[in-house]
Amino acid sequence: MRMRLTFKMPKKYDLFIHISVIALIVIGTLMITSTSVGETYNNDTVVIKTFIKQLGFVILSYLAMVFMANNFTMSRAKWWSQTIGVLLLGMLLACLMFDPSGGSRAWLRLSLPMIGEVTLQPSEFFKVFMIVLMAVTVETTRRKENYSCWTIIKVPVIFMLLGVFFIGLQNDAGSIMVLAVICGVCFLIPTHKSLRKLQHILMVLILIGGIASLFLLTPAGLKVVSKLPFLQEHQLSRFIIADNPFSDPFVDGYQLINSLYAFATGKWTGLGLGQSIQKMLYLPEAKTDYILAITVEELGIGGFLYILFFYVIIMYRLFYYAFKAKSEGYKILLVGTAIYMFVHFLFNVGGVTGLLPLTGVPLLFISSGSSSLLSICCAVGISQAVIAKMRNGN
């Protein structure tokens, strides 16, 4: 079957999801451009360059979403999955050759003519890959009642372990946590009898992990965290700063304090688009990790509710179709995409408000970054392909 190259979404795609994606991309592009004003002190053209660069990423990501919506099938995914997986593992390993940024070596840095430096974060694409790989594996083996647990899970587990190992070498704990949650939730979906025992064990581990995570955010938990031998100094400081950013207001707590100032200043209506004070070098990561703080400062709580509203629509529609899907592979694709969005939202919002240690996880559709935008658009496009097939009776 030939690939379809078209600018139109497939018949019977979900319009609510599509409009929500566009609405989030629009406000994301608007806020990335607005935030870049804080960099004009040494570059008068940074705003227009940022807008053009982001517009290029938006067009590429939108086309990728449409392409996936029209061309994704389980058979194609089965054919290409392992080849793409090996390529992504190679890219994860190649990141180690580049200089670290924020303590992590999670990016490939490319210099393109007329555009400048462009960074790619392979771990973002690896999250989507694992969702697809698990869906394909379940769809392929769901009728093989005599298959053992290991026979079913060995390929996803091998790729998962290698991916976690390489991302661990990059020192990117945030991506590991997101990947673990996505894969854990997706693994609970299959109903194959040989998986039940392992699924029960996983459910217990998830419950214990959730309780342990809440405990680690308490004063008693911080004492335990401080004694963990595998935590590096900058990772330990994120727990301490989340508990009390004013314990080190001029170094580690500097950005979180200014983020909280931005939330407090924005109130309900905000200072007005372009009127942020904190983006004037008070928040060095204003376009990425802390873009929500600038959004609330300029657009108020209303701006946050705008983002939340469209996030909820997308996740609700994905879960709606997941419950209707008869194919477990389709369920994994839809639920995996929804969980991908939810975990990123939770970790980013929790980090910039001091409710959780900052993990460096971007706010999908909103934060600056070609990789996160392209990967989530691909995931949504795959989900739209599934939805279109379901609504067309396939």
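Annotation note: trypsin sites (Lys or Arg not before Pro) in region 107-163 located in DSSP loop regions with a Cβ neighbour count of at most 15 within 10 Å are Arg143, Lys144.
Of Lys197/Lys326; Lys11/Lys324; Lys127/Lys324; Lys49/Lys267; Lys49/Lys287, which pairs sit farther than 20 Å apart, going by alpha carbon to alpha carbon?
Working: Lys197/Lys326 23 Å; Lys11/Lys324 18 Å; Lys127/Lys324 24 Å; Lys49/Lys267 30 Å; Lys49/Lys287 14 Å.
Checking Cα-Cα distances, Lys197/Lys326; Lys127/Lys324; Lys49/Lys267 exceed 20 Å.
Can you pull out the GluC sites (Glu not before Pro) in region 121-179 that DSSP calls coil and that have at most 14 other Cβ atoms within 10 Å? Passing both the DSSP loop test and the Cβ count: Glu145.
Using a 1.4 Å probe on the protein chains only, how many percent of the accessible area of the chain belongs to carbon and sulfur?
Working: 13410 of 19490 Å².
Within the chain, the accessible surface is 69 percent carbon and sulfur.
Each Cα pair under 8 Å and six or more residues apart adds its sequence gap; the mean of these over the residue count of region 97-234 is a relative contact order of 21 percent. In degrees from 0 to 90, rounded to the nearest 10, what is the angle of the helix 173-187 Cα long axis to the longest principal axis of the chain? For 173-187 against the chain, the angle is about 30 degrees. Per the Cα gyration tensor, region 118-207 maps to an equivalent ellipsoid with semi-axes of 25, 15, 10 Å, ordered largest to smallest.
Peptides 290-300, 351-361 ranked from most to least packed by the mean count of surrounding Cβ atoms within 10 Å: 290-300, 351-361. Please determine, in degrees from 0 to 90 and to the nearest 10, the orientation of helix 74-94 with respect to the longest principal axis defined by the Cα atoms of the chain, where the helix direction is its Cα long axis. On a 0 to 90 degree scale, this one is about 40. The relative contact order of the chain, computed from alpha carbon pairs under 8 Å that lie at least 6 residues apart in sequence, is 28 percent.
By its C-alpha gyration tensor, with a ≥ b ≥ c as the square roots of the eigenvalues, how is region 1-70 shaped: rounded for a/c under 1.5, else prolate for a/b larger than b/c, else oblate? Oblate is the answer for region 1-70, as a/c is 1.5 or above yet b/c matches or exceeds a/b. Measuring between their Cα centroids, region 1-80 and region 246-315 lie 23 Å from each other. Normalised per residue, the accessible area of region 210-330 is 55 Å², obtained with a 1.4 Å probe and no contribution from ligands, DNA or RNA.
Rounded to the nearest 10 degrees, the inclination of helix 149-169 to the longest alpha-carbon principal axis of the chain is 20 degrees.
Which of the trypsin sites (Lys or Arg not before Pro) across region 161-270 are loop residues per DSSP, with 14 or fewer other Cβ within 10 Å?
Working: sites: Lys193, Arg196, Lys197, Lys223, Lys227, Arg238, Lys267; in loops: Lys227, Lys267.
Sparse-neighbourhood loop trypsin sites (Lys or Arg not before Pro): Lys227, Lys267.
The values are calculated or read from the model by the stated rules, or taken from the named source; none is laboratory data. Treat the numbers as computed from the prediction; the structure is a model and nothing was measured. FYI the Cβ positions are ideal-geometry reconstructions off the backbone, even for glycines, and counts take in every protein chain you see. Note: accessible area is taken over every heavy atom of the protein model, side chains too, but ligands, DNA and RNA are not part of it. Shrake-Rupley method; radii C 1.70, N 1.55, O 1.52, S 1.80 Å.
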